Amino acid sequence: MKLHELSDNPGATKKRMRVARGPGSGKGKMAGRGIKGQKSRSGVAIKGYEGGQMPLYQRLPKRGFNKPNRKAFAVVNLGLIQKFIDEGKLNAKETITEEALVASGLVRRAKDGIRVLAKGEITAKATIEVTGASASAVEAVAKAGGSLTVTTAAAAE
């Protein structure tokens, strides 16, 4: 096989339409834009415009509120912590801190803190220190013989 024998699969490539290049092109004269009017001109942006009528997005009622200073937590489940302990990526004998969770690769970045949730089971007797935790997660760790402490009281809701 030589370089000149190489070719793409049939139908894999399609030539682009060159508009406004004469009548022989099939898209000559008005280039598929029709006759006159705002949309035939260049620089038109009329996505939500309804001809002067109040646009739909303004007619519908607004609901809800986005808190501007809301804290974003990285979420970790107990089952994943147990899996990482089993694989030897986390040491259950030492205190498992947020830095240890990031270093092990369980959490990519801590954001405003790490919150532990009770999905999955934990069997290792581990001491965990995090920014937030659900009540059921604290209960599950205590049941396994470990302790889960929340460092800041405001974050544990």
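The values are calculated or read from the model by the stated rules, or taken from the named source; none is laboratory data. Since we're looking at a predicted model, the values are computed, not measured. Counting neighbours? That spans all protein chains shown, and the Cβs are built from the backbone with ideal geometry, glycine included.
Kindly provide the set of residues from segment 8-34 that are of a type outside the set (K, R) and either surrounded by 11 or more Cβ atoms within 10 Å (Cβ to Cβ) or on the phi > 0 side of the Ramachandran plot (or both), ordered by number. Steps first, answer last, please.
Initially, segment 8-34 is screened for residues of a type outside the set (K, R), giving 8-13, 17, 19-20, 22-26, 28, 30-32, 34.
Residues satisfying the conditions are G11, M17, V19, A20, G22, S25, G26, G28, M30, A31, G32, G34.
Whether any residue in segment 133-150 is of a type in the set (A, V, I, L, M) and within 23 Å of N69 (Cα to Cα) is what I want to check. Break it down stepwise before answering.
Pass one, segment 133-150, residues of a type in the set (A, V, I, L, M): 133, 135, 137-138, 140-142, 144, 148, 150.
Retained after the next criterion (residues that are within 23 Å of N69 (Cα to Cα)): 133, 150.
Yes, because at least one residue in segment 133-150 is of a type in the set (A, V, I, L, M) and within 23 Å of N69 (Cα to Cα).
For residues that are in contact with a Lys or Arg (Cβ under 9 Å, 6 or more places away or on another chain) and exposed (fewer than 10 other Cβ atoms within 10 Å of the Cβ), tally how many sit in segment 54-79. Outline the logic, then answer.
Going through segment 54-79, the residues in contact with a Lys or Arg (Cβ under 9 Å, 6 or more places away or on another chain) turn out to be 71-79.
Among the residues that remain, those that are also exposed (fewer than 10 other Cβ atoms within 10 Å of the Cβ) are: 72.
Number satisfying all stated conditions: 1.
Given the conditions (1) assigned by TED's automatic domain parsing to the domain that holds A124; (2) farther than 30 Å from V130 by Cα, which single one is not true for A45?
(1)
Select from segment 37-96 the residues that are of a type in the set (S, T, Y) and more than 29 Å from the chain's Cα centre (by Cα) and write down the one among them that is nearest to A118 (Cα to Cα).
Narrowing segment 37-96 to residues of a type in the set (S, T, Y): 40, 42, 49, 57, 95.
This time we only want the ones that are more than 29 Å from the chain's Cα centre (by Cα), so: 40, 42, 49, 95.
Numbers: S40: 59, S42: 57, Y49: 49, T95: 18 Å.
Filtering segment 37-96 for residues that are of a type in the set (S, T, Y) and more than 29 Å from the chain's Cα centre (by Cα), the one nearest to A118 (Cα to Cα) comes out as T95.
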